[in-house]
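The values are calculated or read from the model by the stated rules, or taken from the named source; none is laboratory data. The structure displayed is predicted, hence computed values, not measured ones. FYI the Cβ positions are ideal-geometry reconstructions off the backbone, even for glycines, and counts take in every protein chain you see. Note: areas computed on protein heavy atoms with side chains; ligands, DNA, RNA excluded. Shrake-Rupley method; radii C 1.70, N 1.55, O 1.52, S 1.80 Å.
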Amino acid sequence: MSEKDAINGHRREGERIIFHVDVNSAFLSWSAVKRLSENPGAVDLRKIPSAVGGDVKTRHGVITAKSIPARKYGIHTGEPVVKALQKCPQLVLVPSDFAAYRKYSRAFIAILKKYTDKVEQVSIDEAYMDVTDLDPGRIPAFSEPDREQKPIHFPVPEEEEKASERPFSLPLAEKVSERPFSVPLAERASEHSFPLSLAEKLKDEIRDTLGFTVNIGISVNKLLAKTASDFTKPDRIHTLYPEEIPAKFWPMEIGELHGCGHATAQKLETMGIHTIGDVAHADPEVLRYALGEKAGTYIYESCNGHGSDLVMAEREEAKGYSNELTTPNDINAANYSTDMPPLLHRIAEKLSGRLQRDDVYASTIGVMVKTDLFRRRSRQLTLSSSTNAAEEIERTAADLMRELLFGQDGVFESGYSIRLVGISATNLDHGEYRQMNIFDVMQEEEAARRREAEQKRREEEHLAVMKQQEERQLAVKKQKEKEADRRKRLNQMLEAVRDRYGKDAISKGVHDVDPVNQK
């Protein structure tokens, strides 16, 4: 019996073998690799507190990627650069380099396609592979495992070195089962068997030839494979087969489920549902009632490990992107100036991040709102030049939103308030129609100045509010002290009179009213 036949004997009929391959800290890793390739003596960004994002000169913008040492300072992806520098003044900032990212992404995908043409790239740094039909015997690495040490072109951080031991330095089943609630892989795979041997070969080839590490998740569908790849990082292989779901999947918090948003997770938490296992054992009808038919069904099926195993070799390009947020409170004309700008900023940053990750630009920006009567209204504008910059998206969205809400026949004029806000980006291209000129540079510089002025204004407003609160608290405290002192002196005076003239010398006065003469 061949190895492939033996593997198929352990697999349920119709089951696929799906890999999810995810680059570890892609932007930071790729920036580090490029820097070392240009200057081998340079400090590896992955070994020091460093981050990608923002304007390096003005130190504005947000963090898009961070190193493991930076994470120890509490720095998070998406937070303002100014805040990150307050946490770690020695943080090394490097600008985004999407030309380099595209180069490394293409090289990464090219290696995956050496093994199978069933590769579905879902973003610039991650892809699915369907390796079900590969014949292990036809791949030399499977027949004769290569245990020889190979030189790594670029060094990796100490944390990664511990996780990047050569293939057979310890039992592979132990390596892929390091999650606290992992269980042995049993008959699924031995140290040298397919598909673990393929994953090990693939992982090491990417690391040893391109200089950065990946995680590989293995399962029977894309949901479980993606979940597995997000277990312990970096440079790891993890499995999440159906029989491992109770031990590895169900103990996870519901918020960790791929496709379960923050709002949905919070709603489930209020229902006493905290883990993926809680959902898996819940009444599906209750979930559908609470979350809606579509969302409730998806959450229930996903938590029971059900998902698509279809790997599309050619990914259909998105026709547009959009992000929406439900407002914490209804927005109306009175609170628009305080509540709307932070929402637009947050949405624009997220939308821009998605466009940049997929290396696309949008020529049309739109805004959408849902009113308190659940009616949708929208506006859009086609730009003279396509963009994926957060500042330009936010600025355009803010102008459109003011027109939509306060303009002729505006939403606020009709007496509605806003419960949901969204920004869309359509008419996409890959930069071939984008006109970079001196005006773009001037706009970016002006945007940086506006951001700095806005940050300063917010800080001054915050300080002013804090000062007012302190003054009010101090005034209240002084008034209470004054009242307490007045009462104390009054009591002392009363006691002195009573001591001298007797206890009945002073009593509470009563105002008598003559009912006969009362008018």
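log₁₀ I(q)/I(0) of region 198-238 at q = 0.20, 0.24, 0.30 Å⁻¹, via Debye over equal Cα point scatterers, no solvent, to two decimals?
Those come out to -0.55, -0.74, -0.97, one per q.
Cα convex hull of region 94-139: how many Å³ per residue? Don't jump to the answer; show the numbers that get you there.
Values: hull volume 3.6 nm³, N = 46.
Enclosed volume per residue, from the Cα hull, is 77 Å³.
Report Lys103's accessible area, 1.4 Å probe, all protein chains in place, as a number in Å² to the nearest 10.
Number for this one is 120 Å².
Please compute, for the alpha-carbon atoms of region 278-387, the extent along each of the three principal axes and give them in descending order in Å.
Result for region 278-387: principal-axis Cα extents of 49, 44, 21 Å.
Measuring from label point to label point, each 7 Å out along Cα→Cβ, what is the Leu85 to Ser322 span in nm?
It is 3.8 nm.
Does region 185-282 come out rounded, prolate or oblate, given a ≥ b ≥ c as the square roots of the eigenvalues of its C-alpha gyration tensor, rounded meaning a/c under 1.5 and, failing that, prolate meaning a/b above b/c?
Numbers: a/c = 3.62, a/b = 1.83, b/c = 1.98.
Verdict is oblate for region 185-282.
Can you pull the accessible area of Thr264 for me, 1.4 Å probe, Å² to the nearest 10?
Surface accessible to solvent at Thr264 totals approximately 40 Å².
So, in Å, what gap is there between the alpha-carbon centers of region 24-96 and region 252-266?
28
Of the cross-linked pairs Lys83/Lys103; Lys114/Lys319; Lys113/Lys350; Lys34/Lys66, which ones have a Cα-Cα span greater than 23 Å in the structure shown? Write down the numbers at each step before the final one.
Details: Lys83/Lys103 31 Å; Lys114/Lys319 29 Å; Lys113/Lys350 30 Å; Lys34/Lys66 16 Å.
Over 23 Å Cα-Cα: Lys83/Lys103; Lys114/Lys319; Lys113/Lys350.
Which of the peptides 469-477, 281-289, 235-243 is most tightly packed, and how do the rest follow, judged by the mean count of other Cβ atoms within 10 Å per residue? Walk me through the numbers on the way to the answer.
Working: 469-477: 10.0, 281-289: 14.0, 235-243: 22.6.
Those peptides, ordered most packed to least, come out 235-243, 281-289, 469-477.
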